[in-house]
Structures are given as C-alpha cells and as structure tokens.
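These notes are about the structure you will find just below.
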Amino acid sequence: MDAGMDLLHSSGVELVQYLQLNYRDSQSWFTFISIAADLRNTFFVFFPIWFHLCEAVGIKLIWVAVIGDWLNLIFKWFLFGHRPYWWVHETKLYGNSSLPTLQQFPLTCETGPGSPSGHAMGSAGVWYVMVTAFLTFGLQKKTTFPSSRCLHIVLWTVFCMIQVCVCTSRVFLAAHFPHQVFTGVLSGMVVAEVFGRINAIYNASFKRYLQITLFLFSFALGFYLLLKVLGIDLLWSLEKAQRWCARAEWVHINTTPFAGLVRNMGALFGLGLALNSPIYAESCKGKRGQQFSFRISCIVASLIVLHVFDSVKPPTQSEFLFYFLSFCKSATVPLAAAAFVPFCVSQLLNRQDTKKL
C-alpha cells in the first residue's frame with residue numbers, strides 16, 4: 001500500500017516539476033485560476049448574479065458549495081492526504097539521492113490535508129450547477145435537435161476546459177497531486193448531481209436551516225474532538241505547512257480546516273435567515289421582484305456592496321475572534337444579496353414611482 005502511494009506521489013511530483021519547468025511563464029495565469037476557483041467567488045459573485053436571475057439556481061449554488069466543502073473536509077480528515085510541497089521533504093523514497101526541487105508560491109502553502117482537492121471539488125460542483133442551469137434554460141426555449149446538441153457540446157466543453165485549468169493550476173502550484181484534483185472533480189460533480197434531485201432545499205424553513213447548520217458543525221467538531229481524545233490530531237497538516245513552507249507569511253489562518261468550516265456554516269445560516277425574512281418576501285416575491293430591471297439593479301448593487309464588504313478582513317491576532325467574525329461575515333453575504341439589497345432597491349424604486357405620480 002505504502003509502495004503504491006509512494007509511486008503515485010513520486011509520479012505526481014514529476015508532473016509538478018514538468019509544469020513548473022515548461023510553463024514557468026504562465027505562473028500569473030495559474031495563480032489567477034486558483035484565486036478564481038476559490039469558493040469565496042461563489043458566495044460573493046456567482047450567488048448574487050444567479051439568485052436574481054433564477055432564485056432556485058442561486059439557492060442550489062450555496063447548498064452545493066457548502067455541503068461539498070463540508071464533505072471535502074470530512075474526506076480530508078479520513079484520507080490523511082499529503083501535499084507535494086511537504087511530501088518531498090518527509091518521504092524516505094529518495095533515500096540519499098537529492099530531493100526533487102519544487103518551487104513554492106504564495107498560494108502553495110495550504111494548511112489542510114491534500115486529498116481530495118477543495119478547489120477542484122468546489123469548482124466542479126459550482127460549474128456543474130451553472131452548466132446544467134444554462135442547458136435547462138436552453139431546452140425551455142424549444143431549440144431544435146441540432147441546436148440543443150450543439151449547446152450541450154459547447155457548454156460541457158467549457159466545463160471541461162475550466163476544470164482542466166483549475167486542476168493544472170493546483171498541480172503547478174505544488175498544492176496538490178494529480179490524483180487529488182481528479183478525485184476532487186469527480187466528487188464535486190456527484191454532489192452537484194445529487195442536489196439537483198433534492199427539491200426540499202428550495203422551501204426549507206429557517207428552523208431546518210438552523211438544524212442542518214448545527215448538525216454539520218457539531219458533527220465536524222465532534223469528530224475532531226473524538227479523534228483528539230484517541231490520540232489522533234486531525235490538524236497534523238498545519239505543522240507540516242508551518243515547517244516546510246518557504247515563507248512563514250504564506251501560511252494563512254484562513255486556509256485552516258476550521259476556517260473553511262465556519263465560513264460555510266455562516267453562508268448556509270445566512271441563506272436560511274435571508275429566505276425566511278419578511279423583507280425578502282416583500283421585495284423579491286411581489287410584482288417588483290418579477291421586473292427584469294429590478295433584478296439587474298439588485299445584481300449590480302449586490303456585487304458592489306459585496307465587493308466593498310469583502311475588502312474588510314477579520315483580524316488574525318485571536319484565532320477564536322477570527323473564526324467568529326468569519327462566520328458573521330459569511331452569514332452577511334447571502335443576507336445582504338438576497339434580502340437587504342433587494343429591499344433597499346425596492347424602496348428606492350418605489351420612491352421614484354411615487355415622485356412620477
């Protein structure tokens with residue numbers, strides 16, 4: 001088993017070296033792709049756009065992103081996957097021979113276990129939702145068979161190209177082995193496909209959102225504490241990152257397993273709060289909410305507000321305070337995009353209509 005994993009890891013290291021040697025001029029492109037594939041863009045960009053174009057797709061995006069990333073955390077804790085940038089220093093495979101040289105970048109030193117890739121899993125799940133949504137809209141237009149087939153080919157080709165770019169960027173940065181990004185893509189697609197068949201998420205009460213949020217958080221925390229008592233530290237990878245990262249400032253607290261957990265729980269909690277709030281019902285469910293101009297105004301206003309809001313970073317001096325403020329910040333994102341911004345836009349348009357009268 002160990003010999004097989006060593007062979008898999010060493011082959012992955014060779015691919016990392018090949019990419020870094022032959023595509024070194026593409027570093028900025030791979031860095032951009034990794035940043036774009038981060039789940040924060042689902043919450044801050046994709047969600048407000050899709051929610052106001054098609055509410056069901058926006059809701060599904062949050063669920064797929066949150067549950068997918070939660071499952072990714074659980075998988076990582078079970079699989080104990082290494083990352084290339086620290087594995088080359090700790091393996092005994094190379095013996096007395098010189099260790100492979102892997103270049104590190106500011107995005108390399110993720111602190112969680114490596115398998116499966118969270119970027120690949122999140123990107124695959126989110127883009128799977130968006131591609132299937134585009135296909136659904138296309139089929140509703142009653143396109144002819146050749147047009148429908150062409151639409152399928154184009155959209156799934158785009159999907160595959162995006163996933164290849166994301167996977168290649170994660171391997172280039174030495175943050176993941178090839179098999180980790182591959183399993184990440186497959187896992188993300190499975191999560192998205194499953195949630196495409198669950199209709200209960202579209203009309204869940206706030207109580208149900210709260211129950212699910214508490215269950216997911218309690219399960220993850222309980223699992224961590226249980227293994228901690230048994231002598232297994234699930235945060236073992238944090239020490240690896242701190243030890244083998246080329247620069248200490250590249251190890252960020254926002255890449256720790258619990259940072260992602262509280263962000264996701266905050267997003268799900270905020271979505272439940274927004275969808276069951278009176279101002280959401282007043283602004284998005286009335287006649288105003290059916291107007292295309294209103295929807296576009298909400299998208300633009302939401303993107304601006306969330307961009308400004310995203311520039312405010314929680315302080316990292318206190319770990320508990322960072323996690324708490326991260327939860328609050330994530331909860332505010334869907335609350336602002338789905339409730340507060342539409343309410344303000346609705347009130348503004350109502351005043352303009354009153355002045356015209």
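Where Rh is the Kirkwood radius over the Cα pairs of region 1-113, the temperature 37 °C and the viscosity 0.692 mPa s, what D in µm²/s does Stokes-Einstein return?
Working: Rh = 16.9 Å.
D = 194 µm²/s.
Exposure check, 1.4 Å probe, all protein chains in place: T332 carries approximately 50 Å² of accessible surface.
Enter the accessible area of L21 (Å², nearest 10), with the probe set to 1.4 Å and all protein chains included. That residue has around 110 Å² of solvent-accessible surface. Near Y85: Cβ cut-off under 13 Å, other residues only, Lys/Arg at +1 and Asp/Glu at -1. The net charge is +3. The figure for W127 is an accessible area of roughly 70 square angstrom, using a 1.4 Å probe on the protein chains alone. When shorter helices are ignored and each DSSP H run of at least 4 residues is given -39500 (n - 2.57), the per-residue value for the chain at 222 nm works out to -23500 deg cm²/dmol. Charge tally for V191 (other residues, Cβ to Cβ under 13 Å; Lys, Arg +1; Asp, Glu -1): 0.
Cysteine residues of the chain whose C-beta has no other cysteine C-beta under 4.7 angstrom: C54, C150, C160, C165, C167, C284, C298, C328, C344.
Rounded to the nearest 20, the size of the Cβ-charge dipole of the chain about its Cα centre is 1340 debye, with Lys and Arg at +1 and Asp and Glu at -1.
What Kirkwood radius, in Å to one decimal, follows from the Cα pairs of the chain? Across the chain, the inverse of the average 1/r is 21.8 Å.
May I ask you to order 224-233, 28-37, 317-326 by the average number of other C-beta atoms within 10 Å around their residues, highest value first?
Packing order, densest peptide first, comes out as 28-37, 317-326, 224-233.
Regarding region 219-357, what's the average projected area of the Cα-atom convex hull, expressed in nm²?
Values: hull surface 45.4 nm².
Averaged projected hull area, Cα only: 11.4 nm².
The long axis of helix 257-275 is offset from the longest Cα principal axis of the chain by roughly 10 degrees. Within the listed set L271, L151, L173, the residue fluctuating most in the Gaussian network model of the chain (springs between alpha-carbon atoms under 10 angstrom) is L151. The alpha carbons of region 261-335 stretch over 47, 24, 16 Å along the principal axes, in descending order.
The values are calculated or read from the model by the stated rules, or taken from the named source; none is laboratory data. A quick note: this is a predicted structure, and the numbers were derived from the prediction, not measured. FYI the Cβ positions are ideal-geometry reconstructions off the backbone, even for glycines, and counts take in every protein chain you see. The protein model used for the area step is the full one, side chains on, heavy atoms only, and it has no ligands, DNA or RNA in it. Shrake-Rupley method; radii C 1.70, N 1.55, O 1.52, S 1.80 Å.
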